[in-house]
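The values are calculated or read from the model by the stated rules, or taken from the named source; none is laboratory data. Keep in mind the model is a prediction, meaning the values are calculated, not measured. All Cβ positions, even for glycine, are placed from backbone atoms using ideal geometry, and neighbour counts span all protein chains on display. Only protein heavy atoms, including side chains, enter the accessible area calculation; ligands, DNA and RNA are left aside. Shrake-Rupley method; radii C 1.70, N 1.55, O 1.52, S 1.80 Å.
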Amino acid sequence: MRKEQEDLVLAADNKAGMRTAILRPPDFYGPDSELSYVRAIFDAALKCGTANVIGPIDTPHEFIFVPDLAETLISLSEKDETYGKAWNVAGPGLITTREFAEQVFAAVQQKPRLRVAGKFLLRVMGLFNPFLREVVEMHYLWTTPVKLDDTRLCQLLPNLHKTAYTEGIRATIEFMRISGTTAKV
């Protein structure tokens, strides 16, 4: 279904009218990223709680810092050769959810506490929560390492910035502390 949607978007590209392109990022995190998969980790760390996460948590994964993603979108929109194509943008490197959580909790001098929901539990919870029902269909993203190849994007945007996880985590925590934006844990 996603492929069909991408094909429709790319087919709609018209040099004399609407311009279209696709940017495929990994999971995101950062200031004001309330819909981030790892937002619960930040909330729990800041409230000395336990984070609810989707497992398995030891599969290599990528995350991108939202300000980097925004910068990439703006830079892409300014280049004519962007349009009519699909682009990948990768994070700064592979990291597991466990490692990411360890860095978040360490940044606030806490020991990580995680409650992991596997596919079976997601199916059961999906009976009562439509969002989790959809997550079950995407569960392969947590069981199979996903490494995006953004070589072509880096050739187009040679100054593409990718914030290191430690720096992005620190900035996110700082923003959440100042703005008071944590959810109930």
Simple SL model, points at 7 angstrom along Cα→Cβ for ARG170 and TYR140; separation in nm is 3.9
Under 20 Å from the Cα of LYS47, which aspartates and glutamates turn up, not counting those fewer than eight places away in the same chain? ASP32, GLU34, GLU99, GLU102, GLU174
For the range 51-114 versus the range 152-185, the gap between their alpha-carbon centres in whole angstrom: 8
Using only alpha carbon pairs under 8 Å that are at least six residues apart, calculate the relative contact order of the chain and give it in whole percent. 31
If TYR29, TYR37 are ordered by their accessible area, calculated over protein heavy atoms with a 1.4 Å probe, which sequence runs from highest to lowest? TYR37, TYR29
What residues have an amide H closer than 5 Å to that of ILE54, excluding those fewer than 5 places away on the same chain, when H is modeled at 1.01 Å from N in the peptide plane? ALA117
If you count only protein heavy atoms and use a 1.4 Å probe, how large is the accessible surface of VAL9, to the nearest 10 Å²? 60
Pick out which of LYS79, LYS162, LYS119 has the largest mean-square fluctuation in a Gaussian network model of the chain, springs linking Cα atoms closer than 10 Å. LYS79
Applying the Karplus parametrisation 6.51 cos²θ - 1.76 cosθ + 1.60 with θ = phi - 60° to the phi angles of the range 164-179, what ³J(HN,Hα) value in whole Hz is obtained for each residue in order, glycine and proline being reported as x? 4, 4, 4, 5, x, 5, 4, 5, 5, 4, 4, 4, 5, 5, 5, 8
³J(HN,Hα) across the range 84-99 via Karplus (A = 6.51, B = -1.76, C = 1.60, θ = phi - 60°), whole Hz, x for Gly/Pro? x, 9, 9, 10, 9, 10, 9, x, x, x, 6, 7, 8, 4, 4, 4
For the range 65-132, which chymotrypsin sites (Phe, Trp or Tyr not before Pro) pass both filters: DSSP loop (anything but H, G, I, E, B) and at most 11 other C-beta atoms within 10 Å? PHE128
Kindly write out, for the range 46-62 in residue order, the coupling ³J(HN,Hα) from the Karplus curve 6.51 cos²θ - 1.76 cosθ + 1.60 (θ = phi - 60°), rounded to whole Hz, with x marking Gly and Pro. 6, 10, 6, x, 10, 8, 8, 10, 8, x, x, 9, 10, 8, x, 8, 10
Tell me the relative contact order for the range 8-76 as a rounded percent, counting alpha carbon contacts under 8 Å between residues six or more apart. 29
So with the 1.4 Å probe, I'd like the accessible area per residue for the chain, rounded to whole Å². 58
Ignoring any ligand, DNA or RNA, what whole percent of the accessible area of the chain comes from carbon and sulfur when the probe is 1.4 angstrom? 56
Taking H placed 1.01 Å from N in the peptide plane, check which residues at least 5 places from TRP87 or on another chain put their amide H under 5 Å from its amide H. ILE22, LEU23, ARG24
Does the range 33-82 classify as rounded, prolate or oblate by the C-alpha gyration tensor (a ≥ b ≥ c root eigenvalues; a/c under 1.5 gives rounded; else a/b over b/c gives prolate, otherwise oblate)? prolate
Reachable lysines from LYS79, Cα under 18 Å, same-chain residues fewer than 8 places away excluded? LYS15
Expected output is a single nm value to one decimal: the length gained when fully extending between ASN88 and ARG177, i.e. 0.36 nm times separation in residues minus the C-alpha distance. What is it? 28.9 nm
Please work out how much accessible surface MET125 shows to a 1.4 Å probe, ignoring ligands, DNA and RNA, in Å² rounded to 10. 70
According to the square roots a ≥ b ≥ c of the eigenvalues of the Cα gyration tensor, what is the shape class of the range 48-185, taking rounded for a/c under 1.5, prolate for a/b larger than b/c otherwise, and oblate for the remainder? oblate
